[in-house]
Amino acid sequence: MNLHEYQAKELFEKYGMPVSKRSLITNKENIEDALDQINFSDGCVAKVQAHTGGRGKVGGVKLCRSIEDVKVFVDQWLGKNIVTIQTDNEGLPVNVISLEELTNISKELYMSLVVDRGSKSISMIVSEAGGMNIEEVAETNPEKILKAQLNSDFKILEDEVAHIAKQLSLNESQSKEFNEIIDSCCRLFKDKDLSLLEINPLVITDKGHLHCLDAKINVDENALYRQEDLTVLRDASQEDQREYEAKQSDLSYVALDGNIGCMVNGAGLAMGTMDTIKLYDGEPANFLDVGGTATKERVSTAFQLILSDKNVKGILVNIFGGIVRCDLIAQGIIDAIKERSVDVPIVVRLQGNQSDYGKELLNQSGLNVIGEDSLQLAAQKIVELVR
Ligand code: GDP
Ligand code: MN
């Protein structure tokens, strides 16, 4: 789960990290209020709050020298969507704008902590080439990427930090600040079960101090049950609507680019189903695992999810009945189709527990549902039909 920059900065603050003073605008009426809460002598930086980076490149981060500038910025963004290289073509809604006190920058660094599967540890990545796309730096100037691993106490050895500080040409007091920031980041990462913490840019100000100008935090979804104070920070407006609804109903759903909706029970079978569709040159519109305990209600919700995707031109249902009874699934499918007028072809493969009875129900329903016994044939059929 991602946090907004302003939420991440609140956490940074709690951990003693240097961030700019901020105030938030959520509607056009509170611009003046927001301005009153910060020091606006030389201006401020207005920042769109959305779960994406690359805001700066599309005008979503702007230096405002006058109150008029702020008003223009708010008019331009509030209630609109922001599209960046990290979002899809639709972009993400802007419901909050943050005003930050101005920082004068002399250098932009990059710093992050990530779960690094390669080294089976949490890695710190630092670079003197901050503010830019770090993936690009990694490709063109790999020598500019410095790495260190956190040990099992969630700490980085002092010597290693000193070495990195030296490579970044930090002076003594900056090295001390750097040390403190790393220490805070490591504690925050551990305490809050993060999977990513990124500061890009981490700047050296004109006065020579280190300062966190941007903040990105991703919390491990699987740990949210024990991070109640973070759970309330979830902003559903920033998430894929279908993925969000699926989560509410305990379904695993991942939106994809294709046009064949898939409804499968079991993650492995769902993967196998997608592979088979691709084998016959089809493109799945989603991954959807209705779970080992698929019920009529879950099938109905799953159908609703799949059909809310405009790209879906056909549906493949692949259910293996172990504990779950195929006749109940069949009834769920029939009810779901009857409830809303489904006008795309549906191919159903039911195998296992009570599958004969399930197939019979589908055949007798008079609905345009095609039954197939083998996955290969079912996949071939749906690929053919969506063409
Ligand atoms: P992102 O583009 O979404 O990653 O947003 P950032 O928060 O990283 O802002 C983009 C860029 O705006 C930064 O790399 C800075 O160069 C610039 N910026 C942000 N805040 C300030 C500020 O207080 N002062 C100055 N001079 N530049 C800023
Ligand atoms: Mn940034």
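The values are calculated or read from the model by the stated rules, or taken from the named source; none is laboratory data. This structure is a prediction, so every number in the text was calculated from the model and none was measured. We place every Cβ from the backbone using ideal geometry, glycine too, and count neighbours over all the protein chains shown.
Below, the figures for the structure above:
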{"item": "Filter pass, residue 247 being in a helix (DSSP H, G or I) and under 23 Å from residue 1 (Cβ atoms)", "result": "yes"}
{"item": "Evaluation of residue 212 against (1) away from ligand 1 (no atom under 16 Å from the Cβ); (2) within 27 Å of residue 96 (Cα to Cα) (one fails), failing number", "result": "(1)"}
{"item": "Every pair of residues 6+ apart whose Cβ atoms lie under 9 Å, when the first sits in the stretch 80-104 and is farther than 13 Å from residue 47 by Cβ and of a type in the set (Asp, Glu) while the second is within 10 Å of ligand 1 (Cβ to nearest atom) and not in a loop (DSSP other than H, G, I, E, B)", "result": "none"}
{"item": "Pair list, Cβ < 7 Å and 6+ apart or interchain, from the stretch 11-28 residues that are over 19 Å from residue 39 (Cα atoms) to residues that are within 13 Å of ligand 1 (Cβ to nearest atom) and at pLDDT 95 or above", "result": "12/19; 12/212; 12/215; 17/212"}
{"item": "Enumeration of residues in the stretch 1-23 that are aromatic (Phe, Trp, Tyr) and within 12 Å of ligand 1 (Cβ to nearest atom)", "result": "6"}
{"item": "Single residue of the stretch 51-99 satisfying the filter (among the charged types (D, E, K, R) and within 16 Å of ligand 2 (Cβ to nearest atom)) that is farthest from residue 196 (Cα to Cα)", "result": "62"}
{"item": "Matching entry among 57, 107 (being of a type outside the set (S, T, N, Q), surrounded by 15 or more Cβ atoms within 10 Å (Cβ to Cβ) and within 11 Å of ligand 1 (Cβ to nearest atom))", "result": "107"}
{"item": "Failed criterion for residue 224 (all others in (1) closer than 22 Å to residue 9 by Cβ; (2) within 16 Å of ligand 2 (Cβ to nearest atom); (3) surrounded by fewer than 18 Cβ atoms within 10 Å (Cβ to Cβ) hold)", "result": "(2)"}
{"item": "Pick from the stretch 334-387, criterion of a type in the set (Val, Ile, Thr) and assigned to a loop (DSSP other than H, G, I, E, B), ranking: nearest to residue 315 (Cα to Cα)", "result": "344"}
{"item": "Residue within the stretch 13-22 that is charged (D, E, K, R), within 21 Å of residue 185 (Cβ to Cβ), within 16 Å of ligand 2 (Cβ to nearest atom) and within 25 Å of the chain's Cα centre (by Cα) present", "result": "yes"}
{"item": "From the options 348, 369, 386, residue that is in contact with a Pro (Cβ under 9 Å, 6 or more places away or on another chain), at pLDDT 90 or above and over 25 Å from residue 240 (Cβ atoms)", "result": "369"}
{"item": "Single match in 381, 313, 338 (criterion: within 31 Å of the chain's Cα centre (by Cα) and basic (Lys, Arg))", "result": "313"}
{"item": "Number of the condition not met by residue 197 [criteria: (1) away from ligand 1 (no atom under 16 Å from the Cβ); (2) buried (at least 21 other Cβ atoms within 10 Å of the Cβ)]", "result": "(1)"}
{"item": "Single condition residue 215 does not satisfy, out of (1) farther than 29 Å from residue 290 by Cα; (2) surrounded by fewer than 21 Cβ atoms within 10 Å (Cβ to Cβ)", "result": "(2)"}
